[in-house]
């Protein structure tokens, strides 16, 4: 990570998570998913948590804090992925929609992992 993004909005991880969060809100606002308040609210909170932790960590003053918040974001993204399986298994999501959302969530996980590695290298220099 040779140059730090000046704004969290410039981070690809945050941008992609913003898209996933919007898609989670749309998917969870339909049919039985919309009426399952527990799962609906939990998956939405987890998706928002990913975005929020990337943003908050970026705005912290040191790479160690950013790395820690990225770790939290990665964990929240895993929570989203797990809840997507629940939504699929109980019939709230069709297979195609599940796969589309899961592919995006997997990509976000890889991006956050790479960003964590870069931030970790920067904090050791």
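The values are calculated or read from the model by the stated rules, or taken from the named source; none is laboratory data. Quantities reported herein were computed from a predicted structural model and do not represent experimental measurements. All Cβ positions, glycine included, derive from the backbone under ideal geometry; neighbour counts span all protein chains shown.
Things worth noting here:
- Residues of the stretch 88-112 satisfying the condition of being under 18 Å from residue 16 (Cα atoms) and exposed (fewer than 14 other Cβ atoms within 10 Å of the Cβ): 99, 103, 106, 110
- Failed item in (1) more than 10 Å from the chain's Cα centre (by Cα); (2) buried (at least 19 other Cβ atoms within 10 Å of the Cβ); (3) at pLDDT 95 or above, with residue 34 passing the rest: (2)
- Within the stretch 20-31, the residues that satisfy the criterion of being in a helix (DSSP H, G or I) and either at pLDDT below 95 or loosely packed, with under 12 Cβ neighbours inside 10 Å (or both) are 22, 26.
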